[in-house]
Structure formats: C-alpha cells, structure tokens
Amino acid sequence: MPNTAIKAENISKKFSKSLNHVMLYGAEDVSKNIFGMPAPTDRLRKGEFWAVEDVSFQLEKGQTLGIIGPNGAGKTTVLKMLNGIFMPDKGRIELSGRVGALIQVGAGFHPMLTGRENVYVYGAILGMSKKEIDKKFDEIVDFAEIGDFLDAPVRHYSSGMYVRLGFSIAVHCDPDIMLVDEVLAVGDARFYSKCTAKINEMTTKDTTIVLVSHNMWLIQTMCDNVILLKDGNISKTGGPVECIYEYSESETVMLFASAQDKKNVAPIIIKNIVIQDTSGKVTEEVAPEEMVEVNIRYDSKQDKLKGVFFIRAATPAGYPLYTSYSKEVDINRGEGKCVVEVPSISLLRGEYRLWAGFSDGKDENTIYAAEQIKFKVSQSPDCPDPKFGIFWNKVNWQI
Amino acid sequence: MDYIVYEPNKNVKLGLKIWPAMFRELVGSRELIWRLFVRNWSAKYKQAVLGYLWAIIMPFIAIGTFVFLNRVGVLNIGETGAPYPLFALIGLTVWQLFATGLNSGCQSLVASGGMISKINFPIEVLVIASLAQAIFEFLVKFILIVIFFIVFKFIPAWTIVLFPLAIIPIVLLTLGLSLFFSLVNGVLRDTANAVSVITTFLMFLTPVLYPLKDKANLFFKFNPLAPLVVAPRDLIIYGHIKEPVSFLMASTLSILIFFICWRIFYLAKTKIPERL
C-alpha cells in the first residue's frame, strides 16, 4: 500500500451493557490471553452488542476523512481503534506512518503540574523524545498562547487553555496520521480558526487526517470524504455534502421538523417549490450573481388564512443563511401560487437547501407549512474556493 | 516509515516473537518511564509541607512501636547483631520497597484509567513508574540508615557494597507481581484491596522486624520473601549471607515470576483500556 495511509477492513468492536458482564467477560478474555489462547472476539456473548460493526474504508496520504453521526453511533470507538487504544474484535487495520491523536485533550495532563512540566510529560506520552520537545518547546507554547500561565499548575487553566496546550503539543509531534475527536469545539473563535488553519497546513504537507465532529461546516470545508455512522454501521460514505444532507435528513432536529410532522392536519400545504432562471426554465444550479425566481405552489384548506410566506436559504446541515418574509396576506381555500424574485442568489459555490413556507407571522410562532428543495450554486470567477466564506457579493476592484 | 497493524488478539498471535517485541517496547519507553516518575514524584510532594520527610516518618513509627514492645518486654526479639533500631530500619526499608511498590503498582493502571482509555502508549510504563517511586523512597530511607550508622556508631561490613545487587531479586519480584495484579485489578477492583491486606499481614510472617531464631522456621522455609529481605540485611550486619541456598532459590523464583508475569501482562494488556 504505497500511497495508502489508513486501511480499515471490516472492523468491529463489541461492548457489554452491564458491569457484571464486563467483569465476567474481562476475566474470561484476560485469562485466555494469559495462557496464550485467543479470546473469543468474533461472536457476541449474552449482554454484548456491536458498538461498531463492519466498518471499512481506505484513506490515501494527505486526505482528510470526516466521521459524522449522532451520539453513540460509534465515532469515537472507530477513532480509538485507529489509534490502537482498542483492538478491533473483528477485521484489520493497517496504518502507515506516525500516528498522532487527540481523543480527549488533556487526558495526559496532571493537574498539579505546571504547563511547562506537562508539555514534557504529554509529549513523552505521545512518543516524543526530550530533544524533540526541547526543539519545539517555544513553538508549542507560542501556538497555545499560554503566556504567563506556563509556570502555573494546569488545574488553574481555563478549559480553553487546556485545549490549546493539548492541541498544540499534539500537532507539533509531526504525525503522518492525525486523529482528531471533537476537541476544537472548546476553544474560542480565534483559536478555532488557528486550528483549522493548522490542519489545512498539515494536509498540504501530506498529513492524513481523520476528523470526528458535529460541526458540519468544519466537515464540509475540511474533508475530502465523509463516513456517516449510524448505530455502529456505515450508513453512507461519499462527499461531505451528500453525507451531511443524509445525516440532517435522518435527524429529526431538522429545521421545521414539527411543521412537517403535522402535514395532514395543517391548514395549508406547500405543494412544490421550483427555481426558474430568467427565461422561465426550471433549474437546480444557479450562478452566484444570477437572477432567479422561486415559484411556490400551495394548497389552502381554509378560508381567510392569515399569515406570511417566507423563503429561507440554509446550509446542507440546516444552518439558516437568510430568510425573507412576504407582507401579511389572507389566503382563500384552494390552490395558489406565489412568486419570489431573487435579484442574485449571492452564495458561493456549493450545495444548499431552500425552504419555503407559510407562518402566522414574521416571528414564526406557528409554522403552518414548510417544504424544502436542494439547489446548487456554480463557481464564481472571483472566489473559486468556498472554504473562506458562504456568501458571494458583487464587488468592484480598482487596482 | 512506521507500519502498524491492529487486529484481534494481536499479541497472542505473536507466539515466541513476543519476547523481542516486549524488550523493544520496554527499551523504547525509557524516556516515558522517567517522565512519568518525575511527574508522580513532583505531584506527590508538591502540596505537602513535610514533603519527602513522609518517606521517613512511617518507618520511624513502625520501629518505635517495636522498640517500645521490646523494652517493656512484651516481645523478646533476641540477638540481632546490631542495635535493634538499626536492624529494624534496614529490614523495614527493604520490606517497604516491596510493599509500597506492589501496592502502588497494583493500582497504577486503574488510577490512570482516563489516560489509558484516551491515549495510546505502552501502559506497562505506569506500573514501572510507580515502582520507580518506591525505589526512590527506598533511597531516601537509605540516607536515614547512614544517619543511624553514625548515631549508633555502627560500622557496616564491607559487603554493604553488594547490597544493591542483593536487592535486585526483590525488585524484580515486586515488578512482576505488580504487572500481574495491576492487570487483574483492571478487571476486578477487589484485587488492590486484597493485595494491600495481604502485604500488611505478610510483614509479620516475614522476619522484617525480628531476627530468625530457628533456621527451620516454617515461615522461612515456605516464604520466599524471607530470604529476599534477610539476605541484604545480613550483608550489612554480618558480612555474609547466612542462608545462601534459600536466597539463591528465592532469587531464581523471583526472576522466573518476573518474566512470566511480564509476558502475561503483554499478552492481555490490549484488553485493559476497554475495561477501565
């Protein structure tokens, strides 16, 4: 595997639910191993379940893989298996290169010791020699922005400082493969952007990265490939956008989920939404500066229904970007149509959601109906890489 | 470029190749052991006013008790070959190397459970680092022994230079048992308590604070710890080992136990992180 950094073949991991079983099976497995016998790993005993089952993927050098999924889907377990903390119960993992991992920042820190002492201890735990740490020490401290607290015990650190120092040590041990669990969430915005910049820099140096995160924007902008885990199984693999769509669709936390649940009893339904270009052709892909019309067809079951129409653009994960409300209207029973003229879509290249709905007012206390479609925005000549923003704006350069 | 494979029962599948793997990992972790030792050591004494003195206070209390019992005649300790407090201190110093080493080693994995389940590193270093702590305290107490030499105007036999060598078997035994019981403690938390009770009890069955009166003493015959504690002390006080054969046998047994337990630890350690 010359260019492959990580190869996971059908890896599975089982856990048991009750503490009694943990002890019983632990004793069984350990005593079998003591006598040089393999422990029975490939079948379930009573009370055991597969926390991760049959997960396979391959990652080339320099690629970034995102792992997403609801809580308890097995994301961290996969990461721990990749890191060698847990041995897979079935399957096989091959890794080539030095592995660095940030499963939980500060796990190796001793609260009584100073930041300086902990840099050496944590560095050693991650496999760095004293020489290496000496050489990188200033860089580590600078990146972490610990300042005067360097010689204070780390138990006096804020949680942000903890994460900064831990992250800084981990990235400075120059791993070929970096495994990152949801740790960036703790830092402030400034450190977050610093970390993402550092991770970007690492990928250009051929570092392979596996990222577990609930931050869909991070996943969308950083990852080449994404695995969506659900109940320990891969429910989808592919590009970040498709997986994020799938994930947000499967989760009932979606925007307007309650309005969609009450569809049968709603006083009004949105029958369909289309985007048309200026020639009237229905399109799914628009240019950032393009003028379009959104056509909403509705069917009201009630006379004199008072409320406002709205459209909302959102990211694949459902994060709202902009919303526009109509003036208050009274709708009569029957089908109708409403047209929204959008002078420019003003988003950068990518895939988005467009919601259209009807609500009792601009504060959306009651949303009577809401439906969505997906649309794509094509590349804009002045910003080809959408990593650095969401919105497109018409600007004039004078140089 | 490193190439790593993880699969079920990885270490069990190694067969005899496990030995080079074990040695390689141990040699590769020297630095980490040192770091963890320094960490434990500085953390332990950082918020204590008396600091290192605690390493000395405990034996003082134990010896004091026995000196008192001896004086009031409850206990008749008999001929010790050296002033009794000195005799008792040497015995206790060697014994506590074993007892504190084993007790802290036994708990070392569970105490660092958070770390083990979140970072991948050779976990045997935790056991070794806690033994290193016991060895450090042993050295501190040895300074106390030297002070006792001066106070009691006792001139040790020249064989005191062999003392460090005579300590090696008990260190290996402690490490071996620590590795084994720390592993068992990972699955069954009662282990640490049991070990703690048993070591306290064992001290009285081992000639630590009293000399051996009868060579055919039952405890001495069947307690491998006895010669391991007595022989180093003999070297200081008498200039020769009184029971060389039993010391040799106990030493061989200790080395054997160490290697067996180390191998057991290596075979089963991949099961530990998920149990913590």
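The values are calculated or read from the model by the stated rules, or taken from the named source; none is laboratory data. In this text the structure is predicted, and so the values were computed from the model without any measurement. FYI the Cβ positions are ideal-geometry reconstructions off the backbone, even for glycines, and counts take in every protein chain you see.
Listed values, structure above:
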read-out	value
Set A:ASN225, A:ASN233, A:ASN264, A:ASN272: member being touching a strand residue (DSSP E or B) at 6+ places or on another chain (Cβ under 6 Å), outside the structural domain of A:GLY69 (by TED's automatic domain parsing) and among the polar types (S, T, N, Q)	A:ASN272
Those residues of region A:25-43 which are more than 8 Å from chain B (Cβ to nearest Cβ), surrounded by 14 or more Cβ atoms within 10 Å (Cβ to Cβ) and either over 20 Å from B:VAL12 (Cβ atoms) or of a type in the set (D, E, K, R) (or both), in sequence order	A:GLU28, A:LYS32
Listing of helices (runs of 4 or more DSSP H) fully contained in region B:130-243 that carry 2 or more residues being closer than 18 Å to B:ILE90 by Cα	B:163-187, B:190-205, B:225-237
Residue within region A:368-387 that is outside any loop (DSSP other than H, G, I, E, B), touching a residue at least 12 places away in the same chain (Cβ under 8 Å), closer than 27 Å to A:ILE199 by Cβ and of a type in the set (Lys, Arg) present	yes
Near pairs, Cβ below 9 angstrom, 6+ apart or cross-chain, from region B:223-246 (within 14 Å of B:TRP158 (Cα to Cα)) to any residue that is assigned to a loop (DSSP other than H, G, I, E, B) and charged (D, E, K, R)	B:ASP234/B:LYS242; B:ASP234/B:GLU243
Evaluation of B:LEU109 against (1) without any contact (Cβ under 8 Å) to a residue 24 or more places away in the chain; (2) within 14 Å of chain A (Cβ to nearest Cβ); (3) not charged (D, E, K, R) (one fails), failing number	(1)
Test: B:GLU79 is acidic (Asp, Glu) and in a loop (DSSP other than H, G, I, E, B)	yes
In region A:141-174, the residues that are surrounded by fewer than 21 Cβ atoms within 10 Å (Cβ to Cβ) and under 24 Å from A:THR208 (Cβ atoms)	A:PHE143, A:CYS173, A:ASP174
Subset tally (residues that are among the small types (Gly, Ala, Ser) and within 16 Å of the chain's Cα centre (by Cα)) for region A:51-86	5
Condition broken by A:GLN104, with the remaining ones in (1) outside any loop (DSSP other than H, G, I, E, B); (2) in contact (Cβ under 8 Å) with a residue 40 or more places away in the chain satisfied	(1)
Helices (runs of 4 or more DSSP H) contained in region A:169-263 and holding at least 1 residues modelled with pLDDT of 85 or more	A:189-204, A:216-222, A:240-250
Those residues of region B:5-47 which are more than 11 Å from chain A (Cβ to nearest Cβ), touching a Phe, Trp or Tyr at 6+ places or on another chain (Cβ under 8 Å) and more than 25 Å from A:ALA5 (Cα to Cα), in sequence order	B:MET22
Identity of the residue in region B:11-43, surrounded by fewer than 17 Cβ atoms within 10 Å (Cβ to Cβ) and of a type in the set (Lys, Arg), that ends up nearest to A:THR41 (Cα to Cα)	B:LYS13
Selection within region A:28-46 - modelled with pLDDT of 80 or more and assigned to a helix (DSSP H, G or I)	A:GLU28, A:ASP29, A:SER31, A:LYS32
Selected residue (criterion: surrounded by the most Cβ atoms within 10 Å (Cβ to Cβ)) from residues of region A:8-23 that are free of Cβ contacts under 8 Å to residues at least 24 places away in the same chain and facing another protein chain (nearest Cβ under 9 Å)	A:VAL22
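Okay, residues lined up against (1) within 31 Å of the chain's Cα centre (by Cα); (2) surrounded by fewer than 22 Cβ atoms within 10 Å (Cβ to Cβ); (3) more than 9 Å from chain B (Cβ to nearest Cβ); (4) not acidic (Asp, Glu):
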position: A:PRO88; (1), (2), (3), (4): yes, no, no, yes
position: A:ALA107; (1), (2), (3), (4): yes, yes, no, yes
position: A:GLU117; (1), (2), (3), (4): no, yes, no, no
position: A:PHE137; (1), (2), (3), (4): no, yes, yes, yes
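A quick yes/no check of all residues on (1) away from chain A (no Cβ under 14 Å); (2) in contact with a His (Cβ under 8 Å, 6 or more places away or on another chain); (3) under 17 Å from A:ASN33 (Cβ atoms); (4) buried (at least 22 other Cβ atoms within 10 Å of the Cβ):
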{"position": "B:MET203", "(1), (2), (3), (4)": "yes, no, no, no"}
{"position": "B:TYR210", "(1), (2), (3), (4)": "yes, no, no, no"}
{"position": "B:PRO227", "(1), (2), (3), (4)": "yes, no, no, yes"}
{"position": "B:PRO232", "(1), (2), (3), (4)": "yes, no, no, yes"}
{"position": "B:SER251", "(1), (2), (3), (4)": "yes, no, no, no"}
{"position": "B:ALA268", "(1), (2), (3), (4)": "no, no, yes, yes"}
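Results for (1) within 30 Å of A:THR204 (Cα to Cα); (2) in contact with a strand residue (DSSP E or B) (Cβ under 6 Å, 6 or more places away or on another chain), shown as yes or no for each residue.
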| position | (1), (2) |
| --- | --- |
| A:LYS14 | no, yes |
| A:HIS21 | no, no |
| A:SER31 | no, no |
| A:THR41 | no, no |
| A:GLY100 | yes, yes |
